[in-house]
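Read the structure below first, then the notes.
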Amino acid sequence: MRAVKLVKILIALIFAFCLTSGESGAVTVEPGERFQLRMVSPIENNSGFAVWGSKYYPGDVLSEKMSDYVFRKMKEIPRVSATRLVSDIPEVWSTSGFSESDMVVKINLEEFAHTKKDVIGSKIYWDVVLHTYVYNGSTRELLYDSIVREKADRQYVLYNDVLETDPIYWDKFEKSPYWPAIRHALDVALNEVLDGYNGYHVVGQIVAKAERVDASLTVSSKKQDNLYHINIGRADSVRVGDLLVVTRSSSVRTIAPETPEMHFPQVVGRVKVLFVKDQDAIVEIIKESGSGPIQLGDSVSMPLRGRRGSAGIY
């Protein structure tokens, strides 16, 4: 049990470090701040697999369809100004007007394989491999890259002739299970940019105790002591029910003359969002450190997208 507890503590400390680390960690976004997310378009198709627009359009449209899908997803993200880049060469990207929190995303379809077996109906298989590159928007420096793989199958009771014609046309491919598989892989790739250790995190602060001022906050006196105001709200994508991590900056003295003092965040608890307005919210303490309880001035953080509940990264 002690070993399990130690592992949990280490995971919490690693996560806290990632919230404030630089190039290799999460990018923090201040309350109300917007950032630019640029996508290299079209997405590069290196798989050798092609989908024709129609018999009247004998050219591969898969790159275009993937690019349009990802760009629509980017435009739905709170606090993001989504744009496209037509060049995949970092050296020619303009860096004017972009800050350290802006990112450029380049996605390649590296592999798309599909097979079918006909035994009492049809069973189809697919294997999608994407390679994602993420660059700093202002320096054009590669921050990280990752591989996403979507590999699965589907059983049909009846015989199915999906993708047995050559060439493959978009109207048929779009209705097949292969296009949702590619979309799911693209979702995972985009989520990696905006969630987890490498993604964007909104960082706010616990700014006040929640006082009983009217009937809108009818809670017991015991629960009242666990309610606080934070300075991020609906405009920052906060939702009722979200679980937010609470951290506090700590410092230690060292024996190294070049770094006499080191600062790092510690996870001191978690809070649950009960009520949300545009610029602020009320949260309830769900868990806090016995030796260092949650207090005014502590930071709260969350990913812009993805799970914010007990099953997620928190």
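The values are calculated or read from the model by the stated rules, or taken from the named source; none is laboratory data. This is a predicted model, so every value here is computed, not measured.
Side notes on the structure shown:
- Candidates are the residues of the stretch 183-232 that are within 20 Å of Leu243 (Cα to Cα) and of a type in the set (Asp, Glu); the one that is modelled with the lowest pLDDT is Asp195.
- Qualifying residue in the stretch 45-59 (condition: within 22 Å of the chain's Cα centre (by Cα) and assigned to a loop (DSSP other than H, G, I, E, B)): no
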